[in-house]
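So the structure is just underneath, and the comments pick up after that.
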Amino acid sequence: MFTAVLYCISLSFLAFSFFKDKKKTKEALAKCWKSFENILPPFAGVLALIGLVLTVLTPDLISKIIGAKTGFLGMFITSIIGAITLVPGFVAFPLAASLLQKGAGVMQIAVFISTLMMVGLVTMPLEVSYFGKKTTILRNLLSYIFSFIVAFIIGMVVS
Amino acid sequence: MKFLKRYVLFIFIVILDVIILLTNKELGINIFLNTSKNFLDMLEVIPPIFLLLGLLDVWVPRETIIKYLGENSGITGIVLSIFLGAAAAGPLYGAFPIAGVMIKKGARFSNILIFLGAWSTLKIPMFLFEMSSLGYKFAVTRWIVDVVGIIIIAMLIDRLVNNEEKEKIFKKHTA
């Protein structure tokens, strides 16, 4: 659905652009190809890495680890899993909801959700190619620490 | 040789996959299936995004971006960055190429970071889904704390990364 809308928007922009200025449109297409070609190597690597990691770490395995532990250690474990894996929100939220029902702590789940969204160890090579090492490491590190703050606040509000 | 160097991560992972395939056939096959699915998913979403980026690059003048997201854009720049990120969909790596064009067009460094933060945590479609699965208290609290958090994180990184390093990042996208 989202993809269809995206195609409609970009293709109509392309048609509009072509209608207004053919030379500029050609230029845009050349730029489009060049930026894709530039990013393909780290992108292919990251996609392969995600395929490997997500197959080995199944939601089943993840849920076992989170369900068994509590306290700060549990939070630490969930935060590490969240930081490595890149589960889309549409998978992560139902998973988190079912874990909560099974008795997992709110803070453990909150830190999991937050690191899942903000910290991406497997996408780091890609991020470095855009923003350099320092910014990438700082962003991921600060987001990791911040995830614990978010979790504590959510824990206080919800429970 | 240059080709090998560029694709070093990809080649390394594929070799790892093959080793797993040889030792554990079922797991190996699943890895290959999931990996090819990832590539197909990407091939579906990536062409329109890059097409939009190419058009954006050619049609939107640098002055416009500087005016609304540049050094002196102030609160407008912050609010606009949050809005742009929150209105998006898709995984965080989809935001990187867009951020790249923003850097090239003269957006302020801290606004780029706010955009990335908003994209990763504040997406509206995901927020609605989160409310229904984890409850409004959880979702609303997270959203509010995250707005404050991503701005603070962006300001912090903006301070910690010096001008020389910012210049380097800028050059990556203009070369």
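Brief remarks on what is shown
- Pairs of Lys residues in segment B:1-149 are counted when their Cα atoms are under 19 angstrom apart and they lie 8 or more places apart or on different chains; the count is 4.
- Hydrodynamic radius by Kirkwood, which averages 1/r over all alpha carbon pairs of the protein assembly as shown, in angstrom: 20.9 Å
- Of all the options B:G149, B:G94, B:G70, the one that moves most in a Gaussian network model of chain B with Cα springs shorter than 10 angstrom is B:G149.
- Kirkwood Rh and Cα Rg combined as Rg/Rh, chain B: 1.05
- Within straight-line reach of A:K31, meaning a Cα separation under 12 Å, sit the following aspartates and glutamates at least 8 residues removed in sequence or on another chain: B:D57.
- Dipole of chain B [Lys/Arg +1, Asp/Glu -1 at C-beta], most positive-end residue of B:G117, B:I98, B:I169: B:I169
- Cα-based helix-to-principal-axis angle, B:136-160 vs chain B, degrees rounded to 10: 80 degrees
- Cβ crowding within 10 Å, taken as a proxy for footprinting-reagent exposure, orders A:M156, B:M131 from fewest neighbours to most as A:M156, B:M131.
- Rounded to the nearest 20 debye, the dipole size of segment A:1-43 about its Cα centre is 240 debye, using +1 on the Cβ of Lys and Arg and -1 on the Cβ of Asp and Glu.
- Highest-fluctuation residue, B:K137, B:K104, B:K123 considered, GNM on chain B with Cα pairs under 10 Å: B:K137
- Gaussian network model of chain B, springs between alpha carbon atoms under 10 Å - residue of B:T23, B:T141, B:T121 with greatest fluctuation: B:T23
- Considering only A:A30, A:V122, B:L4, the residue lying farthest towards the positive end of the dipole of the protein assembly as shown is A:A30, judged by Cα position with unit charges set on Cβ.
- Exposure proxy ranking, count of Cβ atoms within 10 Å, fewest first, for B:R6, B:R62: B:R62, B:R6
- Cβ charges +1 (Lys, Arg) and -1 (Asp, Glu), total dipole of chain B, debye: 340 debye
- Segment B:A87-B:I46, extension gain: residue separation times 0.36 nm, minus the distance between their alpha carbons: 13.0 nm
- Shown for A:V119, B:V18: other C-beta atoms within 10 Å of each C-beta, ranked fewest to most, produce the order B:V18, A:V119.
- Calculated Rg and Dmax of segment B:1-45 using C-alpha coordinates, Å: 12.3, 34
- Modelled FRET efficiency - R0 56 Å, A:K23 with B:I29, Cβ distances, 0.05 increments: 0.70
Readers should treat all values here as calculations from the given coordinates under stated rules, not as data from a laboratory. Bear in mind the structure is a predicted one, so any value in this text is a computation, not a measurement. Neighbour counts are summed over all protein chains in view; Cβ atoms, including those assigned to glycine, are modelled from backbone coordinates with ideal geometry.
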